[in-house]
Every structure is written in structure tokens, then in C-alpha cells.
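No value in this document is a laboratory result; all are computed from the given coordinates. Keep in mind the model is a prediction, meaning the values are calculated, not measured. Methodologically, a virtual Cβ is constructed for each residue, glycine included, from the backbone with ideal geometry; neighbour enumeration extends over all protein chains shown.
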Amino acid sequence: MNILITAPSLDVKKNVSGVATVVNTIIEHNCLHKYFHYLLGRPDSPMGKLKWFYTILEQLFIFPFFVKKNEIQLVHQNLPFNTKGLLRESIINFWCYLVRVPVLLHVHGGVYLMNPPENLFYRFIAKQLFRHSKVVVVLSGLENEAIAKHYNFRDSLVLLNSIDSSLYSAISKNKDDHKPVLLFMGRIHESKGIEDIVAAFRILKQELNFRFVLCGDGPLRAYCVDECQELLGDDFEYRGVVSGNDKMKAIADSDFFLLPSRYGEGLPMALLETMAAGVVPVVTNDASMAYIIEHEVNGLMVNKFDALDLYKKLKRILSDTMLYNVLSINASKTIKDKYDVNEYIENLNIIYKQIK
């Protein structure tokens, strides 16, 4: 089947995106169908407002011609559930309705997932988007309940994100010294709790020795790099956007994965990747992260917008080797047992077959 799949740039050097990571995984592992990636969204690199406006209009205008030219039989539409994503994807969804191509709408977190928009027009668009899609897929049972509660849509299917867990479970830890290493890997944005990390480090550095590795890009990159360099000196390293062997090395070098997200998460691929390698997650209960992390079983939960709680939890885990070892083993086992890519692709193809 010819499947059009929407996503931002799949080039990790141009874009830091969980949606792009999911799409790359699907295309790489699903050999039963022919995928056509359709670029939607902007890169992380700076772009003038006029150029961006022209780019998005072009993406939306040529969409139906792309569908006809490539004889698309199904559109796998990926929705970042925020204002820009909602407006953009509603137009794409309407084009699909006009050209009579069925849509699988894949919801990937976003501020409107758990907190519906106050704007009634946006809420109306969201409801229409769900109802006009042949199938709606979410990342966890928690998200299923949220969509039913906030948008009165009760027919969504759960498809957990996944990775090739064998790649990460085989990683050998590289420890150059005895200092524990904390890792952030992803979009460096306010929604990810970057400011809470910096504030927690201000207190923690006075009491314990540790290293911090920052990977990714985004609006708060300069702020985070400057603050961490001043606070941590040689114990801080910014590696930019990582992929392939560079990403594997960053994970191998690390003991803890930080994601004190404030809002807008789906089921982060970086969380799955690091957990598979036994890196202990320290995260909030935002969206589907609450579905995968059990506090003090396979990771630690911290409060949102609470740098002091993050400091306290980090101080505890950095001082308790026995607890760290237990969480590390359980984190890896969680991914191997529940989030491996082979079962994911099988379930996705079952959904495709139902649509066809």
C-alpha cells in the first residue's frame, strides 16, 4: 500500500523532533508498505516570518497534488497537539476528505492533549479532526481517557511508541571517572523544564559532584549552555544534536536521564532509548510518561514546575547506589518487555489493514 506519512524534517541535523524519530522508526522497520514522507513543520534553524509563512502555504497547497501524483491510498497523519499543529493538520485532514483518501490520525502529545483549548473555535477544530479521521491513534491509555473526557471522542486506539531495544540494551557503559553523569537529550524548550534543571543544579552543585551532558537544540539552547557553563565549568558538556554513534555514546556515557517536562509530552523516544540502556529516568508525570514510569520502581517522578523537588530527588538518587542499580535494571526490562519495535509494527499493520 502507498502510504503518505507526515512529519517535520527527518534529518536529525535540521530538526529535533520526537515525531520525526517515530516516523523514521516506522519507515525503517515496516517493509510491507511503501512510505512517502510529506514534510510538514519548520526546522529548528532560524527562519524569517515571511519565509516561514510562504513555506507553510506551499506545504498545504501542494498536498493534494502530491497525493494524486503518488497514488496515495492512506495518509498517516501525525499531530503535535498544539495551536500550530491543530491548524495545519486540520487543513491537511480536510484535503484528505476532499480527495477521498482515508486518514490514520496519530496524536503525539501537545499542550491541548491534557488541557483543552479555551478557544471554542480551536476545540471545535479538534473535535472535527478526530471525527473526520478513519482511525485515531494515541500513545497510552491515559491519552485515550483524556481525549474521551475533553473532546467526547471514545474510539481512539492505543499504540505505544517503541524502539529496537536490542540496540540500546547492548550498549556498554563508558565511565571515564567516578562522577555520575546526568543527560538531557531533546528539544531545549521551556516546556521540557529546562529552567527547573538549571535551578536545581544551582543547589545541587554545592553539595554533590556530578557531570551534565546536554544534547539537542531549541529556543533555550543559549540560555541553558551559558548557565550550565557558569555553574558547572568543566563538568558540563554541550554536544549539540546527536544521532547514530554520537547518540549511542551520549547514552553510554550517562547514568540518569532528565526530563522534568511541564507540558506537551507524548511518549518521548529519548526516554525509551535511554531506559533500554539502563539509564535511570528522572521525569514528571506529564501525559504518557505517567504510563511508563513507576516511581522508585523503574525511575523517579518529580513535581512539575518544582526545581526544589527535582533537587531533592536528584540528591537522593545520586547518593543511593543500591536504589540506582535497582531502577537501572528495571528501566531496561520495562522497555524490552513492553516497547520493542517488532510488536509495534505488527500492531500498526493490523490497524492499516482495518482501514483499507
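For the chain, averaging the sequence separation of C-alpha pairs within contact (under 8 Å, six or more residues apart) and dividing by the residue count gives a relative contact order of 17 percent. With both labels modelled 7 Å from their Cα along Cα-to-Cβ, the Tyr238 to Ala290 distance reads 3.4 nm.
Pairs of Cα atoms nearer than 8 Å and 6+ residues apart set the relative contact order; for the range 115-166 it is 35 percent.
Computed from Cα atoms, the angle from the helix 321-338 axis to the main principal axis of the chain rounds to 20 degrees. With the cut-off at 1.5 for a/c, could you classify the range 143-195 from its C-alpha gyration tensor as rounded, prolate or oblate? Verdict is oblate for the range 143-195. Around the amide H of Gly299, modelled in the peptide plane, lie the amide H atoms of Glu294, all under 5 Å away and 5 or more residues distant in sequence or on another chain. Taking amide H as placed 1.01 Å from N in the peptide plane, Asp217 has its amide H under 5 Å from the amide H of Gly186, Ile188, each at least 5 places away in sequence or on another chain. Taking Cα centre as origin and charging only the Cβ of basic (Lys, Arg, +1) and acidic (Asp, Glu, -1) residues, the dipole magnitude of the range 200-274 rounds to 160 debye. Quick check: Cα centre of the range 112-136 to Cα centre of the range 61-76, how many Å? That distance is 23 Å. Cβ-to-Cβ counts within 10 Å put Thr25, Thr83 in ascending order as Thr83, Thr25, the fewest first.
Exposure proxy shown here: for Lys205, Lys353, the number of other Cβ atoms within 10 Å sets the order, fewest to most, as Lys353, Lys205. The magnitude of the dipole of the chain, with charges of +1 and -1 set on the Cβ of Lys/Arg and Asp/Glu and taken from the Cα centre, is near 1280 debye. By the gyration tensor of its Cα atoms, with a ≥ b ≥ c the square roots of the eigenvalues, what is the shape of the range 270-319: rounded for a/c under 1.5, prolate for a/b over b/c, or oblate? Cα axes put the range 270-319 in the oblate bin. The lysines within cross-link reach of Lys304, meaning a Cα-to-Cα straight distance under 16 Å and a gap of 8 or more places when in the same chain, are Lys192, Lys312, Lys313. Applying 0.36 nm per residue to the separation of Tyr35 and His178 and subtracting their alpha-carbon distance, the gain on full extension is 46.9 nm. Compared with the dominant Cα axis of the chain, that is its longest principal axis, helix 307-319 is turned about 60°. Cross-link check: pairs Lys84/Lys338; Lys68/Lys356; Lys84/Lys134; Lys149/Lys353; Lys247/Lys356; Lys34/Lys173 evaluated at a Cα-Cα cut-off of 26 Å; pairs beyond the cut-off: Lys84/Lys338; Lys149/Lys353; Lys247/Lys356; Lys34/Lys173. The order of Val101, Val22, Val326, going from fewest to most other C-beta atoms within 10 Å of their C-beta, is Val326, Val101, Val22.
Does the range 165-338 classify as rounded, prolate or oblate by the C-alpha gyration tensor (a ≥ b ≥ c root eigenvalues; a/c under 1.5 gives rounded; else a/b over b/c gives prolate, otherwise oblate)? Since a/c stays below 1.5, the shape of the range 165-338 is classed as rounded.
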